[in-house]
Amino acid sequence: AATAAALASGLPVVAQVVSADGETVAGHIDLYSVVKKLESMGVDAVGLNCRIGPDVMLEVARRLASFATRPLALQPNAGSLHVDAYGRMEVVGRPGAFATLARACPDLGVGLVGGCCYTTPEHIAALKDTLAAPGLDAVPARPDRQETGPRPPTSLEAKLAAGKFVTCVEIDPP
């Protein structure tokens with residue numbers, strides 16, 4: 001219902017889900033089925049958000065890239081969540097893992113990459129510096145598709161390139 005409402009707005013829609021295992025959404029719903037449903041509805045990009053760090057997200061994104069037909073959007077937490085013996089939560093991760101994720105983005109067809117919970121300026125700098133490095137194709141291509149010429153920009157890409165305001169909404173279920 002939220003996706004349908006977002007699509008009705010006429011704005012570009014990036015639909016992200018949580019999948020820690022690359023097979024399910026929240027451990028219960030088949031990831032493939034969810035993504036195919038979102039794509040059939042007409043979302044501009046599909047992806048993964050939150051709950052896992054960049055190392056795990058890279059593995060899950062590889063699975064997602066094997067069947068998704070839209071550009072991918074990845075926004076991992078700064079690291080994986082660890083709960084100690086006293087119930088205190090901490091994020092275990094390093095900015096360098098964001099650089100590793102960024103290097104894989106062109107091959108995976110990632111059109112949007114960022115960070116979620118506990119992400120710091122250092123994490124984002126690792127993404128930015130890696131994506132700006134010489135030799136890294138900043139405009140991702142999907143190697144599993146036969147190219148038929150330049151891909152026209154999506155409405156999201158066109159608005160971002162024109163410097164227009166883009167609305168982003170996150171709905172986090174309980």
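Residues in segment 36-65 that are under 20 Å from A102 (Cβ atoms) and open to solvent by 30 Å² or more (accessible area, probe 1.4 Å): R51, D55, V56, E59, R62, R63.
So how many residues does segment 101-111 have that are part of a helix (DSSP H, G or I) and either over 12 Å from G53 (Cα atoms) or open to solvent by 60 Å² or more (accessible area, probe 1.4 Å) (or both)? Walk me through how you get there before you give the answer.
As a first pass, look at segment 101-111 and keep what is part of a helix (DSSP H, G or I): 101-108.
Next, only the ones that are either over 12 Å from G53 (Cα atoms) or open to solvent by 60 Å² or more (accessible area, probe 1.4 Å) (or both) stay: 102-108.
Final tally of qualifying residues: 7.
Figure legend. Inter-residue proximity from segment 76-100: first residues farther than 17 Å from A20 by Cα and open to solvent by 40 Å² or more (accessible area, probe 1.4 Å), second residues among the hydrophobic types (A, V, I, L, M, F, W, C) and in a loop (DSSP other than H, G, I, E, B), beta-carbon distance below 9 Å, spacing 6+ or different chains. Indicated pairs: R94/A78; P95/A78.
Return the total of residues in segment 12-35 being in contact with a helix residue (DSSP H, G or I) (Cβ under 8 Å, 6 or more places away or on another chain) and surrounded by 15 or more Cβ atoms within 10 Å (Cβ to Cβ). Explain how you work it out, then say what you get.
As a first pass, look at segment 12-35 and keep what is in contact with a helix residue (DSSP H, G or I) (Cβ under 8 Å, 6 or more places away or on another chain): 12-15, 17, 19-25, 31, 35.
Next, from what is left, pick out any that are surrounded by 15 or more Cβ atoms within 10 Å (Cβ to Cβ): 12-15, 17, 19-20, 22, 24-25, 31, 35.
Going through segment 12-35 one residue at a time, the tally reaches 12.
Scanning segment 114-124 for residues that are open to solvent by 40 Å² or more (accessible area, probe 1.4 Å) and not in a loop (DSSP other than H, G, I, E, B) yields P121, E122, I124. When you scan segment 26-46, do you find a residue that is of a type outside the set (A, V, I, L, M, F, W, C), under 19 Å from A65 (Cβ atoms), part of a loop (DSSP other than H, G, I, E, B) and under 13 Å from the mean Cα position of the chain (by Cα), even just one? Scanning segment 26-46, I find at least one residue that is of a type outside the set (A, V, I, L, M, F, W, C), under 19 Å from A65 (Cβ atoms), part of a loop (DSSP other than H, G, I, E, B) and under 13 Å from the mean Cα position of the chain (by Cα), so the answer is yes.
The values are calculated or read from the model by the stated rules, or taken from the named source; none is laboratory data. The model shown is predicted, which means the values in this text are computed figures rather than measured ones. FYI the Cβ positions are ideal-geometry reconstructions off the backbone, even for glycines, and counts take in every protein chain you see. Only protein heavy atoms, including side chains, enter the accessible area calculation; ligands, DNA and RNA are left aside. Shrake-Rupley method; radii C 1.70, N 1.55, O 1.52, S 1.80 Å.
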